Amino acid sequence: MLQPTSCPRLPSAFASDIRNFAMETNIESYLIEKRVFKPAKEFAKKARIKSLAQYQKIYRESIRRPETFWAREAKELTWQKPWKKVLDWKAPFAKWFIGGQLNLSENCLDRHLNGWRRNKAAIIWEGEPGEKRTLTYQQLHREVCHFANVLKRNRIRKGDRVIIYLPTIPEAAIAMLACARIGAVHSVVFGGFSADSIRDRIADSGAIALITADGSYRRGAVVPLKNNVDHALSGGTTVKRVIVFKRAGNEIHMEEGRDVWWHRELEYVDANCEPIAVASEHPLYILYTSGSTGKPKGILHTTGGYLLGIYSTMKYVFDVRDEDLFWCTADVGWVTGHSYVVYGPLTLGATTLMYEGAPNWPEPDRFWKIVEDYRVTILYTAPTAIRAFIRWGDDWVKKHDLSSLRLLGSVGEPINPEAWMWYHKTIGGGRCPIVDTWWQTETGAIMITPLPGAIPTKPGSATLAFFGVDAAVVNERGEEVGANVGGKLIIRKPWPSMLRTIYGDQERYQKQYWSEFKGRYLTGDGARRDRDGYFWIVGRIDDVLNVAGHRLGTSEIESALVAHTQVEEAAVVGRPDEMKGQAVVAFVTLKGSASPSTRLKAELRDHVGIHIGAIAKPDEVRFAEALPKTRSGKIMRRLLKEIASGQNVTGDTTTLEDFSVLAKLSEEE
Ligand code: PRX
């Protein structure tokens with residue numbers, strides 16, 4: 001292991017990064033990190049990819065002949081009918097494994113039942129109040145088949161959209177797998193989202209059914225999921241049926257003719273359900289994520305390619321073994337939960353741990369207690385959680401034996417080098433490699449990442465592209481930039497787990513991702529590569545915030561604010577935040593009759609909470625008399641970002657309409 005030679009202090013270095021990529025035309029990055037950690041010999045010896053040279057050889061081949069590489073990988077999956085052609089690429093539309101037929105739940109379940117894995121734990125779950133459940137592959141298979149028949153009984157058919165609004169409990173995985181088993185398309189809505197968010201997603205997807213629970217637990221309180229659903233459905237939607245799982249036992253209303261209990265429905269059907277064969281390109285799920293306009297995008301993933309993406313990354317990035325206990329701490333409502341809590345581990349026949357609640361409930365050592373109790377071997381979590389653990393203090397960690405851990409992962413936002421070092425030393429005991437994995441809802445699977453036995457890591461860098469992923473950093477003209485020059489991160493070739501479209505909006509799909517550089521995928525992130533070709537992701541360069549690892553569109557929050565009766569105009573920007581990565585700052589102008597007050601600030605925050613969900617609540621609301629605009633009327637966000645982060649405004653203000661606005665905004669407390 002090489003010794004660290006420099007130790008930049010953060011977050012100040014990060015703040016300068018964020019400041020710089022915000023200057024949209026000139027993306028720079030000042031973060032220079034010299035520490036390098038080579039994979040330990042012992043780890044490398046047992047890993048699937050054992051050296052940098054081996055990675056480079058396979059990578060080169062996979063880029064030269066991607067179809068050969070992916071076809072070889074895809075042969076390890078179970079196909080009911082083999083494909084005729086690997087890829088049909090008419091940019092920006094990709095079809096993978098044409099002619100092939102398969103079923104995703106069969107790949108996650110049935111194929112593990114023939115041998116000893118039948119009695120292996122598929123899911124180990126712990127509820128926030130402390131209940132424990134283990135489902136073997138055989139048991140999970142039975143539950144999925146049984147529930148798939150409940151879906152059929154409730155007239156849910158192949159291609160129908162089904163909203164899943166559940167906490168991270170085994171039933172979430174069961175519902176997802178049951179949909180896949182019958183070819184229905186699920187759309188999981190994060191349990192922290194509000195009634196309005198559910199309603200929007202129902203309207204956009206045209207879902208005919210919704211699966212939820214009475215309630216879930218969060219920091220000891222019951223989250224009234226079913227109540228939120230009732231609000232979302234009031235006034236009429238396309239949803240005809242609501243299936244309710246009894247989780248928290250809270251009092252709920254059951255609407256006659258619409259709502260049915262999960263456990264009662266099971267009594268009417270048996271547990272035999274063959275997996276139907278669907279085309280490789282059959283839609284698997286829609287997952288909504290924030291973009292740079294007010295309306296969330298329904299990212300559509302299909303079956304064969306998506307499955308292959310998560311299978312290969314699970315295999316090479318986490319290097320999962322039968323004896324591992326894999327714990328991805330994400331909620332099932334996010335893409336990380338889809339790919340690496342449910343589908344990824346199960347496809348590999350691994351054991352996945354699911355935990356329902358908060359990391360600091362009842363005390364800040366809950367995660368470490370879980371690691372110790374179950375002897376977790378691979379832990380995959382987010383920088384925002386890591387920063388919170390650092391703040392809560394090492395004593396909480398030291399109370400527990402974490403020696404079972406052998407590999408650590410990070411996802412969701414750039415990890416500050418100091419947080420990386422803490423993760424490495426305090427959690428990993430200095431012996432566990434860290435895979436800092438860059439990817440997106442749209443990419444379906446990990447795209448840029450170390451392979452733990454092969455690629456030396458540098459704290460803060462996601463290192464190199466995964467096999468078959470042709471990533472590059474380019475300037476405004478689409479030309480690849482040199483070492484340590486900032487630019488836009490793009491992907492130059494299609495990959496199997498890529499999104500196929502934005503549901504119901506082909507035009508937006510084309511425009512958003514493929515129009516700036518024709519035929520190349522625009523990630524929306526800024527990045528640079530260092531002299532070793534390592535990628536350093538700086539963050540979003542569009543109007544999307546990354547708050548505690550969750551994507552929020554500034555215009556979504558603005559739309560919610562403007563919907564308040566007293567708000568005239570709103571502009572939302574991010575400011576660097578030590579804990580959450582970015583904090584949400586809202587600049588608001590009020591209608592004539594309204595006057596600024598602390599109460600109104602609180603009301604506006606709650607208002608956003610009601611319309612989107614608690615995670616979108618502005619950390620700060622600033623009232624202003626006017627917002628700075630260009631002569632053509634565009635709000636100058638760059639200036640607002642600088643004001644929000646307490647900097648002096650340095651950028652070009654020559655097009656600013658009214659200079660006095662700036663002075664007033666800066667004074668605002
Ligand atoms: O900005 C990048 C950041 O998260 C964005 C994707 O967000 P979402 O679709 O919600 O998916 C999150 C989980 C995959 C990216 O555009 N991001 C994700 N992982 C990293 C990251 N930024 C830096 N390093 C990462 N490892």
- prompt: Of the residues that make up region 483-495, is at least one part of a strand (DSSP E or B), farther than 27 Å from Thr303 by Cβ and open to solvent by 10 Å² or more (accessible area, probe 1.4 Å)?
  reply: yes
query: Before we move on, is Arg155 open to solvent by less than 60 Å² (accessible area, probe 1.4 Å), farther than 25 Å from Pro296 by Cβ and charged (D, E, K, R)?
result: no
query: Considering Gly504, Gly429, which residue is away from the ligand (no atom under 16 Å from the Cβ) and touching an Asp or Glu at 6+ places or on another chain (Cβ under 7 Å)?
result: Gly504
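Hydrophobic (A, V, I, L, M, F, W, C), within 11 Å of the ligand (Cβ to nearest atom), touching an Asp or Glu at 6+ places or on another chain (Cβ under 9 Å) and open to solvent by less than 10 Å² (accessible area, probe 1.4 Å): is that true of Ile434 in this structure? Walk me through it before giving the result.
Details: hydrophobic (A, V, I, L, M, F, W, C): yes; within 11 Å of the ligand (Cβ to nearest atom): yes; touching an Asp or Glu at 6+ places or on another chain (Cβ under 9 Å): no; open to solvent by less than 10 Å² (accessible area, probe 1.4 Å): yes.
So Ile434 does not fit the description; no.
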Residue count, region 293-308 (criterion: within 12 Å of the ligand (Cβ to nearest atom) and not in a strand (DSSP E or B)): 1
task: At least 2 residues that are within 16 Å of the ligand (Cβ to nearest atom) and in contact (Cβ under 8 Å) with a residue 60 or more places away in the chain in each: list the strands (runs of 3 or more DSSP E) lying fully within region 533-649 that qualify.
output: 535-540, 544-547, 550-553, 567-577, 581-590
message: Every residue in region 298-316 that is surrounded by fewer than 24 Cβ atoms within 10 Å (Cβ to Cβ), touching a Pro at 6+ places or on another chain (Cβ under 8 Å) and within 19 Å of Thr352 (Cβ to Cβ), please.
response: Met314
query: Do you know which residues across region 472-493 are within 20 Å of the chain's Cα centre (by Cα) and farther than 11 Å from Arg528 by Cα?
result: Ile490, Ile491
- line: Checked pairs for region 200-222, first in contact (Cβ under 8 Å) with a residue 40 or more places away in the chain, second buried (at least 20 other Cβ atoms within 10 Å of the Cβ) and of a type in the set (Phe, Trp, Tyr), C-beta under 6 Å and 6 or more apart or across chains, list as Arg201/Tyr288; Thr212/Tyr165; Ala213/Phe245
query: (1) in contact with a Pro (Cβ under 8 Å, 6 or more places away or on another chain); (2) open to solvent by 10 Å² or more (accessible area, probe 1.4 Å); (3) within 16 Å of the ligand (Cβ to nearest atom): which one isn't true of Ala330, the others all being true?
result: (1)
- line: The number of residues in region 384-426 that are within 15 Å of the ligand (Cβ to nearest atom) and hydroxyl-bearing (Ser, Thr, Tyr) is 3
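This table checks each residue for (1) open to solvent by less than 50 Å² (accessible area, probe 1.4 Å); (2) part of a loop (DSSP other than H, G, I, E, B).
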residue	(1), (2)
Ile202	yes, no
Asn228	yes, no
His231	no, no
Thr237	yes, yes
Checking Trp495 against (1) more than 27 Å from Gly100 (Cβ to Cβ); (2) within 15 Å of the ligand (Cβ to nearest atom), the condition it does not meet: (1)
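Which residue is surrounded by the most Cβ atoms within 10 Å (Cβ to Cβ), if the candidates are limited to region 239-251 and must be in contact with a Gly (Cβ under 7 Å, 6 or more places away or on another chain) and of a type outside the set (Lys, Arg)?
Going residue by residue through region 239-251, those that are in contact with a Gly (Cβ under 7 Å, 6 or more places away or on another chain) are 247-248, 250.
From what's left, of a type outside the set (Lys, Arg): 248, 250.
Details: Ala248: 21, Asn250: 16.
Ranking the qualifying residues of region 239-251, first place goes to Ala248.
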message: Go through (1) assigned by TED's automatic domain parsing to the domain that holds Ala175; (2) without any contact (Cβ under 8 Å) to a residue 60 or more places away in the chain for Val341 and report which single condition fails.
response: (2)
message: Of everything in region 345-358, what is under 22 Å from Ala548 (Cβ atoms) and surrounded by 20 or more Cβ atoms within 10 Å (Cβ to Cβ)? Give them in sequence order.
response: Leu353, Met354, Tyr355, Glu356, Gly357
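The values are calculated or read from the model by the stated rules, or taken from the named source; none is laboratory data. Note that this is a predicted model, so its numbers are computed, not measured. Every residue, glycine as well, gets a Cβ built from its backbone with ideal geometry; the counts of neighbours run over all protein chains shown. Surface areas here come from the heavy atoms of the whole protein model, side chains and all, with no ligands, DNA or RNA. Shrake-Rupley method; radii C 1.70, N 1.55, O 1.52, S 1.80 Å.
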